[in-house]
Amino acid sequence: MNALKTLFRPLLVAGAALALAGCNTVVLNPSGDIAQQQGNLIVISTVLMLLIIVPVIALTLFFAWRYRASNTKATYKPDWDHSTQLELVIWSAPLLIIIVLGAITWVSTHTLDPYRPLDRIKPGQPVAADVKPLVIEVVAMDWKWLFLYPEQNIATINEVAAPVDRPIQFKITASTVMNSFYIPALAGQIYAMPGMQTQLHAVINKPGDFEGFSANYSGAGFSHMRFRFHGLDQAGFDAWVAKNRASGTTLERAGYLELEKPSEKEPVRRYGAVAPGLYQAILNRCVDSSRMCMDEMMAIDAAGGLGLSTDALAQRRIGDLRGGPYVASAMCLTSPNAATPNWGVATLAP
């Protein structure tokens, strides 16, 4: 029996090491500068916390052994209950660690704000003043991802690419329920919500083929809601754009409405052109042209509701121009038929 135990223990350790060897440590070894900084935060925070955890565990085991009942040599003081020196050590060390963690959190929260444009490509390489970010519009759907490139006027399903060392600005929304856009090698996850736009600024520093997925459960097809992200050199990215344009397919509004219907395990699709204003229509929930867009509805609400209510102008009547609702200038006009107001929405004017 002892021989079996002796043989079994090394095999168990070897099996555990073999299983861990297959783990994907992309979060701690990413290919994008933002993700690398986030990975460093994980390491720093873990080390700082271990400065307390490891000594506490070690001392717990030591005290249990040192002051066991069978150890008659250990000091026995049943009436002892306080030590100022121990209190100072016990409380000052965690307090210092909390202060350091707080300072790191404050700085990194502002530095790594996903809405903040990048100020560097990598350590020691700031973003050049004449470099514009590559804008990628992202739409989370049931259960697939749509990527729109306004500069290149192309679109893809379940595949996205970007040039190495060029800043990327993702504009993210959703068609139905909330999802979470996540490319571990690039940056942290950002929620995608219908009728709202979130943003993410990032950069890929190494060429490669990386995985992206939804990190927020969104229904039956959630498990297959994955896509590929390609980090390419400029020539490779240009070739990828040309490949999409060569598809000859245009993503029209009607095509999007069909695409919006729930489906699983969608293959990569490519569109060589995109209908003008499609992303804004998706964001404002009015791809179907028979529906009013959210921004139009909000403009009307800001004007007091189709101009029928004048309460929105109450503060302005008494000369208070410090703030308050915005009013669509067209709502102050009337049509040639004076009895029929002109409900057209124009630019918002204070």
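The values are calculated or read from the model by the stated rules, or taken from the named source; none is laboratory data. As the structure is a prediction and not an experimental result, all values here were calculated from the model. Please note: Cβ atoms are built from the backbone with ideal geometry, for glycine as well, and neighbour counts cover all protein chains shown. Side chains are part of the model used for accessible areas, which takes the heavy atoms of the whole protein and leaves out ligands, DNA and RNA. Shrake-Rupley method; radii C 1.70, N 1.55, O 1.52, S 1.80 Å.
Ordered from highest to lowest accessible area with the whole protein assembly present and a 1.4 Å probe, Met225, Met193, Met298, Met292 read as Met298, Met292, Met193, Met225.
Taking a straight Cα-Cα cut-off under 16 Å and skipping sequence neighbours fewer than 8 places away in the same chain, the lysines within cross-link reach of Lys206 are Lys122. Think of the stretch 175-296 as having a plus end and a minus end, set by charges on the Cβ of Lys, Arg, Asp and Glu; of Met294, Val177, Gly231, Gly231 sits farthest toward the positive end of this dipole. Using a probe radius of 1.4 angstrom, the carbon and sulfur fraction of the accessible surface of the stretch 53-136 is 69%. Across all directions, the average flat footprint of the convex hull enclosing the Cα atoms of the stretch 147-270 is 7.3 nm². Ordered from largest to smallest accessible area (heavy atoms of protein chains, 1.4 Å probe), the residues Trp143, Trp65 come out as Trp65, Trp143. Think of a 1.4 Å ball rolled over the protein heavy atoms: the stretch 112-226 then has 38 Å² of accessible area per residue.
Within the accessible surface of the stretch 169-318, defined with a 1.4 Å probe on protein heavy atoms only, the carbon and sulfur portion equals 55 percent. For Lys261, the lysines whose Cα falls under 23 Å of its own Cα, not counting residues fewer than eight places away in the same chain, are Lys144, Lys171. The residues of the stretch 44-108 expose, per residue, 87 Å² of accessible area to a 1.4 Å probe. Highest mean first, the peptides 94-100, 274-280 sorted by other C-beta atoms within 10 Å per residue fall in the order 274-280, 94-100.
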